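What follows is one structure encoded as structure tokens, with my remarks underneath.
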Number of protein chains: 2
Amino acid sequence: MAKQAVGGGHRAAPVHTDPADVSVLTALSALADPVRLQLVRELAGSAEWTRSCGGFDVPVGKAALSHHFSVLRGAGLVEQRDEGPRRVNRLRREEFDARFPGLLDLVLRADGD
Amino acid sequence: MAKQAVGGGHRAAPVHTDPADVSVLTALSALADPVRLQLVRELAGSAEWTRSCGGFDVPVGKAALSHHFSVLRGAGLVEQRDEGPRRVNRLRREEFDARFPGLLDLVLRADGD
DNA sequence: CCGAGTGTTCGATCCGTATCTTACAGTCCC
DNA sequence: GGGACTGTAAGATACGGATCGAACACTCGG
């Protein structure tokens with residue numbers, strides 16, 4: 001039997017953490033990294049589900065990038081979905097903001113690093 | 001000639017950083033530590049200039065504690081003043097909140113870790 | 001079926017930082 | 001002046017996390 005084509009996924013569906021279950025420490029640690037901060041910001045400036053993991057201009061290799069997305073998922077900041085061969089992302093604005101009101105706005109609004 | 005008694009200080013006056021000059025990354029990194037988070041919270045629950053560095057119930061030695069306060073100063077979160085033999089602290093609520101609106105409230109309000 | 005494209009996983013490495021111990025520098029009180 | 005007390009500075013250590021390279025899984029298009 002054929003596994004359903006689209007939506008079926010890369011291999012195993014990515015593991016997501018509900019923002020409601022995320023500790024402050026985890027959230028802050030996830031955002032306290034230049035690469036992840038840039039990812040979140042670029043993600044915030046794009047429509048949902050339009051950016052695949054590889055489509056970010058960050059100065060790290062694929063492996064590190066994959067790791068960073070794993071951290072962002074674990075902090076309830078990003079949701080991922082498999083779309084054909086690529087994994088597309090979405091910033092969990094509402095949900096994360098419900099758990100940590102203002103935090104996302106703050107890091108997005110802030111200038112510089 | 002006698003150096004002025006109180007206010008003169010331990011040795012050198014502690015170096016402070018204006019919250020306005022603090023980067024988001026620095027602020028988040030400073031708060032993304034369990035010990036410092038506890039310090040900030042205890043400090044928030046006390047009147048200004050009433051807590052000396054040694055007067056916190058944290059599970060680290062004096063040296064590490066001194067280091068943590070140095071980081072908090074560098075992030076514009078804490079102001080210190082020498083009062084006789086001890087160094088007393090104050091949480092820079094207003095100033096820090098002006099630079100990062102809501103961040104302090106968030107970490108103070110949040111339950112657990 | 002094979003090849004190109006995309007991500008994840010594993011192992012190794014490297015660097016920052018949190019920590020301790022020890023030593024030192026002040027202040028206060030007797 | 002001599003302690004007791006408080007905090008900082010310096011050196012050593014240990015651990016976590018960010019990174020890379022290589023190998024592997026999966027999808028899609030010839």
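The values are calculated or read from the model by the stated rules, or taken from the named source; none is laboratory data. Note that the structure is a prediction, hence the values are computed from the model and not measured. Accessible surface areas use protein heavy atoms only, side chains included; no ligands, DNA or RNA. Shrake-Rupley method; radii C 1.70, N 1.55, O 1.52, S 1.80 Å.
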Taking only C-alpha pairs under 8 Å that are 6+ residues apart, what is the relative contact order of region A:19-109 in percent? 34 percent
When chain B is treated as a GNM, springs tying every alpha-carbon pair under 10 Å, which of B:Leu25, B:Leu91, B:Leu43 comes out with the largest mean-square fluctuation? B:Leu25
Using the alpha-carbon atoms, what tilt in degrees (0 to 90, nearest 10) does helix B:34-44 show relative to the longest principal axis of chain B? 70 degrees
Relative to the longest principal Cα axis of chain B, at what angle does helix B:62-74 sit, 0 to 90 degrees, rounded to 10? 70 degrees
Largest-first principal axis extents, alpha carbons of region A:19-113, Å: 34, 26, 22
Scattering profile of the protein assembly as shown from the Debye formula, Cα beads only, expressed as log10 I(q)/I(0) at q = 0.07, 0.12, 0.14 Å⁻¹, is -0.29, -0.71, -0.89
How many percent of the accessible area of the protein assembly as shown is carbon or sulfur, using a 1.4 Å probe? 51 percent
Under-5 Å amide H pairs with A:Glu83, H placed in peptide plane, nonlocal only: A:Val88
